[in-house]
Structures are given as C-alpha cells and as structure tokens.
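Quick notes on the structure that follows.
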Amino acid sequence: MLSVKNLTKSFNSPSGTVKALTDVSLDVDTGQFVSIIGKSGSGKSTLLSMLGALDTPTSGNIQVDDVDIAKLSSAKQTAYRARKIGFVFQQYNLIPNLTALENVMLALEFGGVKSKERKARAEKLLNDVGIKADQQRRKPSRLSGGQQQRVSIARALANHPAIILADEPTGNLDSETGQKIFELLHNLSRSEHTTIIAVTHDLDIAGKTDRTFNLKDGKLTKLVKS
Amino acid sequence: MNVISRGIKNSMRSPLRSGAIVLMLAISIGLILSMLVARSSVNAKIADVKSSAGTLVTINPAGINGFAGGGTPFTSEQLATIASTAHITSTTATLSDQLGSTDTNLTASLELGSFGERQQRFDNPEASSGSSTTTTASTTTRPAFTPRTSVTGTTDPNSVATNGGTLTISSGKTIDGSSSSLTALVGTALATKNNLTTGSTFTAYGKTITVSGIFSTGNTFQDSGIIMPLATLQSLTDQSGDVTHVIAKVDSSDNVNAVVSSLKTAFGDKADITSEAEQAAASVTSLSSIASLALAGVIGATIAGAVIVLLAMIMIVRERRREIGVIKAIGGTSQKVVTQFVTEALTLTVIGAIVGLGLGVLVSGPMTSSLVTSSQSSTNTSTNTRGVVPRAFERGLGQLNTNITQVTSSVTPQVFASAIGITLLIATVGSAVPAWFISRIRPAEVLRSE
C-alpha cells in the first residue's frame, strides 16, 4: 500500500521559490497499475522522484508499507531504493560498458544478492522479459530500443520491488514496441503483484491502466479514472 | 563483477583517451623517478665528497715539499699534537728519503735525464769543487751523475696510490705500515730493473730488506721507488720519530676549517697547513644545486601528474554524471561509486606508473650523467679562473672531478619505493576532488535531465 499525504516540493530559483508539487495526496493499492499524465513541467517527474526516494519533499509524507520514506536517512533511502523500488526510464539508462546480463547483476549486487546467485537470477529475469541468451551478452549499444527497455525492466524487477516507477517507459519506442512494453509491465503487475506507477504522455496507454491521475501545475487536479 | 573489477574495466572504456592519460602519466612518473634517482645519486656523492676529499688536511714541516726544500721534520711529539687535535679521526705520516749508489745495491730505474742532472748539479762535491777550481773548464770533465731511488716510509702504504684509493699490489702482499720490520714494497719499474720478485732481498742503509710485494701506480716516479713501514725507515736513517709529511682526516668537512685553524695556532710558522676544503666546497655547491634542481623536478612532475589525473577524472565524472545518477537511483551507495571511480583512477595511474618507471629506469642514467657533466665543466672553469692550484692538491682535485662524473645513477629500492609512494599520492589527490563531485551528484538528477 502506497499512501501520499499533502506532498509539497519547492525549489529555490533566481526568480524566487518555485512550487513543483502542491499538496498532492493519493493512495495506491498493492499490485495496481497506475498512470500519471500531465503536460511537461506539471511535476510528474518530481512526484516520481519523491515516490522513489530520489529526492525529499518539502513537506508531507509518503507511506510505503507503513514506513514514511520521506523521513528516512540518506543511507536508508539508498537501501530502500535498492530493495523496494525498481526504476524504468524513458532513455533506458543502462550502463553502456556492461552487458545486458551485467546490468541486471549490478542491481542484484546493490540489492544484497550473493554473488554466486546473481548470474542465474539475472539470466532468468532476462529470459522472462524476452531477452535471449545471445542478446544477454551484448552491450546496450548492440540492442534495439525495445530490447534495452526490456533489460531495463528486468533490472527494475531484480530485487522483487514493492513498486516499479516508470518514467515515460514507451516514450522512446515506436507504437508497436511501446505496446509490447506496456503489456509486459501490465502482465508483471498481475503475475508478480507489483505496484506500477507510470508517468506517460500516451493517453492510449494511460487508458489501459487500473487508475490514472492528472497533474497540472503541481496539483493533482482530477482523478481521470478509478 | 564487483565494484573493483568494474573500476578496472571502466579504465579501458575509451582506449584512446586512456592511452593518452597513461602516456602523460608515464612521462610524469618517469620524470619523477629520474629526478629521484638523480637526487639520490648526487646526495650520495655529496656525502662521499664531504667524507673523503673534503676532509683531508695536509701538514708539512715548513719548507719541506717531498724531497725538495729544506727544514726540520716533525717530531713524534708534534705528530702526537696533530693526532690529538679535535675532530681529527686518523693521520697518515710519511718520511721521505732517497737512496744513492752508496746506500744500496739497487740500480735506480729512473733515468736521470737533463732535469735530474740539473737538480743534482750542486749535490756532487767533485763536480762542485771542479767547477770552483777550473771556472772555465768544460762540464764534460765532471764525473757522471747518478740517479737515486726514492724511499717512502709511511704508516699507510695506500697513501702512495695515485688514484686516491687502494695501492695496487701486482704480486706478493702489502706491508704493515705500523710495523718496524725490514720489509718493503718495490715499484714495478725498480723491480724489473733489479730482477726483484716477492721474497727477494736487497741491501739498503747497510741492512738486508725483504721484498714483500711489487706495487704499481701507473706513475713512473712512484713505480721507481720503495715503500717501507715508517718506523723502519726512521730507524734505518737514524731519524727516530721524524716525519716529513702528514695527511690528517677530519670527521666532517664542516670541521675542516676549524682543524686547520687549530693546527696553525699550535704550529705557528713551523708547518705548512693546507686543506682541500675550498675545492670540495665548490664541488659540493655545484652538486647541491643539482640536488635542488632534481627536488624541484620531483615536486613539479608530481604536481603535473596529480593535475593530469585530477583533470582526467573530473572530465570522466562530468561525462558520466547521468550514469552515476542511475547507479545511485538503483541502490548504489556513494561509497561504492567513489570506490569504482578511485579504482579507475588508480588503474590508470598504476599502468602509467609501470610504463613511467620503466621509462625512468632507462633515462635516469643518461639524465643524471648529463646533469653532472654540465656541472663538472662549470666547476673546472671556476677552478681555472682561481689561478694556480697548489701542486699538492692537483691529484686530489683531479680525483674529485673523477668522482663527480662517477655519480652512480642506480635505482635503489628506497628510490623506487619513493616513486611508488608519490604515484599513490598522485592517484589519491587526483581522485579526491572527483570523489567529492560524485558524492554531490543527486540521484534525482537522472530524472530531472530526462
């Protein structure tokens, strides 16, 4: 269960204080696939970074399984990210000089998985997302965009996270590949019972998620679908 | 793959750039090693010069110079005064004499020549009286002059060596300078002339002397002479306790002037006292400037190396800002990221060090020689402009210059350890600032830059 209460995030800029998020509150049940839509600069990525403990809010709290992650120390936030959160980025963000397999093993290392178990586990994860054995030994530059995003999803799933945060996961893909990636995420939320929160511009994809929130000027203006 | 192996692998991520960084580091580290070697060698030579040539004080009875001049030899009491002077660690005492044809059965090996005849023109009483009674008589009426054989009685036979080191004994064994035995070392030329070998005997001063060994100095005058224990010659010539030449060794070159001053006070005008301190000081000054130059080189090359690593790592960190953000976002701690980048810097530095140390070993010898040779030429120039160098020091000064060119440029374990220590310092300093940059990169930036 994810519960966000009165979340506010302000930034100081030369022109004064800018409120990226204002009094945002939402609840997401475990295993739900939720989408957040909004225009550029509406605060989608800021909300995602708060939920992923990448940044700390100015005020408000974020409860994940009864733990307020906004109040965790820096070290505990790092551990939280390693074990409870999986990230899927628009530009995949795989480490370029590591193979697909090594990228997934890296996340397993940070999650505290023993070195002997990492390889087999990474191979299984990559197989599950449709990356074949020969593709697993390739570096990201030798994989297609869709394949890289699959590797990214396998990396996000590595430590059985409670929540997967996806920032425009299909933004860099053609519609057909984007559809396949969406289906992969959708199936995962069902089979692994993993909560998925995806930020997207694609209203078609947003329409297929369990719930959709709309962010406008840092405020959660309306619940599009529930 | 752990954080260390990732760091090592990352160091070769861009072979061209890594190669350039390694090359720059190698040149820097090679220069550091060369300068350390030069400094170490020069410092060793400075210590050597200070402890040998620069610490010798020569004391002659006033007016006596070898076999020439005139005056009264030192007595054993005066010798004791010299030996007991503060800072004098040892003395070598010598008594010089010459054997004429009536003193020995040996045939002198030295050709008299016109120079020798001129020196003896007053010595031959018949020639002298002939000259006075028949003032217009031709010199052809004079009896033939006879060459003489030099005899050196010394407490240290090595003092006769012309190379400033140990006397070369070509056969037999050396003599004990402190004994009073009837033994002698015979120069090769004299031995050849008289068919003397080890164990042979000859007569001198009415006594039978046994040849202990044959020595060779490469100097015709010396090789035509005889070396005996000091006490033996004193006894044979009825000059008990007499000494015509003393070389005193001072504990440090810093005390030479004080010793010379003390001796001059003690002996007044009865002794001629000179030291090599001035020449040694000139040599040491030029060597010291090389040591300072080498130290400046070490510091400069170290700073250059650290700056190379620093700039390279700052460039790498800035370039991989997003990657660092991703690693932190997926649960990598700052320590792990810093460790990975420090390992990367260390790998580049170690490769640079291996190449650089190899390079340094190759160039340190020629570089040290080059530095010392240029210094030596300036020393010679300054020596010549000072005017006439006393004959007694010509040999010592020549030896001093020879020593300078023989500065050993060997890479000692200490120098090598210093170079490795400096290399690690370069890697640490070069990584410290990038590590600070890494710690400041917030994982949220990975989303913000999307």
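Computed from the coordinates by the stated procedures, all read-outs in this text should not be read as laboratory data. Source: prediction; values computed, not measured. Don't worry about glycine lacking a Cβ; one is built from the backbone with ideal geometry, like all the others, and counts go over all protein chains shown.
A few comments on the model shown:
- Using alpha carbons only, the radius of gyration of the protein assembly as shown set against its Kirkwood radius gives Rg/Rh = 1.38.
- Extension reserve of the B:Ser292-B:Ser181 stretch, reckoned as 0.36 nm per residue once the Cα distance is removed: 34.8 nm
- B:Thr237 versus B:Ala281: modelled label distance in nm, points set 7 Å from Cα along the beta carbon direction: 3.5 nm
- Cα-centred dipole magnitude for the protein assembly as shown, charges only on beta-carbon of K, R (+1) and D, E (-1), debye, nearest 20: 3760 debye
- Its residue count N fixes a reference of 2.2 N^0.38 Å for the range B:303-348, and the Cα radius of gyration divided by that reference is 1.22.
- Gain in span if fully extended, B:Ser76 to B:Gln414, counting 0.36 nm per residue against the direct Cα distance: 116.9 nm
- In the range A:2-225, Cα pairs under 8 Å separated by at least six residues give a relative contact order of 30 percent.
- Of the peptides A:66-72, A:98-104, B:78-84, the order by per-residue mean of other Cβ atoms within 10 Å, starting with the highest, comes out as A:98-104, B:78-84, A:66-72.
- Phi-based couplings in Hz for the range A:15-20 (Karplus 6.51, -1.76, 1.60; Gly and Pro marked x): 8, x, 7, 10, 8, 7
- Of the residues A:Leu48, A:Gly130, A:Val24, the one whose Cα sits farthest towards the positive end of the charge dipole of the range A:2-225 is A:Gly130 (charges of +1 on Lys and Arg Cβ, -1 on Asp and Glu Cβ, taken about the Cα centre).
- Residue-averaged 222 nm ellipticity for chain A, from DSSP H runs of 4+ at -39500 (n - 2.57), nearest 500: -11000 deg cm²/dmol
- Partners of A:Lys116 within straight-line reach, counting lysines whose Cα lies under 17 Å from its Cα and excluding those fewer than 8 residues away in the same chain: A:Lys124.
- Distance between the pseudo-spin-label points of B:Ser14 and A:Asn97 (7 Å out from Cα toward the beta carbon): 1.1 nm.
- Fewest neighbouring Cβ atoms within 10 Å first, the residues A:Lys180, A:Lys44 line up as A:Lys180, A:Lys44.
- Between B:Asp251 and A:Lys116, the FRET efficiency estimated from the beta carbon spacing at R0 = 60 angstrom works out to 0.30.
- Entries of A:Lys9/A:Lys39; A:Lys39/A:Lys76; A:Lys76/A:Lys132 with Cα pairs more than 28 Å apart: A:Lys39/A:Lys76; A:Lys76/A:Lys132
- Modelled this way, with points 7 Å down the Cα-to-C-beta line, the labels at A:Gln63 and B:Gln98 are 12.1 nm from one another.
- ³J(HN,Hα), Karplus 6.51/-1.76/1.60, whole Hz, each residue of the range A:3-10, x for Gly, Pro: 10, 10, 10, 6, 7, 10, 9, 10
- Tensor-based shape of the range B:72-120 (alpha-carbon gyration tensor, a/c under 1.5 rounded, otherwise prolate or oblate): prolate
- Net dipole in debye of the range A:2-225 [+1 Lys, Arg Cβ; -1 Asp, Glu Cβ; about Cα centre; nearest 20]: 460 debye
- Residue-span extension gain [B:Ile4 to B:Val433] - 0.36 nm each, minus C-alpha spacing: 152.5 nm
- Cβ-based exposure ranking for B:Thr188, B:Thr174, B:Thr197, in which fewest neighbours within 10 Å come first: B:Thr197, B:Thr174, B:Thr188
- Residues B:Ala47 and A:Ser15, FRET efficiency given R0 of 60 Å [Cβ-Cβ distance, rounded to 0.05]: 0.30
- Förster radius 25 Å - calculated FRET efficiency between A:Lys139 and A:Glu176, Cβ distance, rounded to 0.05: 0.55
- Residue order, fewest to most surrounding Cβ atoms within 10 angstrom, among B:Phe215, B:Phe115, A:Phe110, B:Phe437: B:Phe115, B:Phe437, A:Phe110, B:Phe215
- With the highest mean first, a sort of the peptides A:73-86, B:25-38 on other beta-carbon atoms found within 10 angstrom per residue produces B:25-38, A:73-86.
- Value in Å of the Kirkwood radius, where the range A:2-225 supplies the Cα pairs that are averaged: 17.8 Å
- Take each residue in A:82-89, count the other chain C-beta atoms within 10 Å of its C-beta, and the mean is 3.
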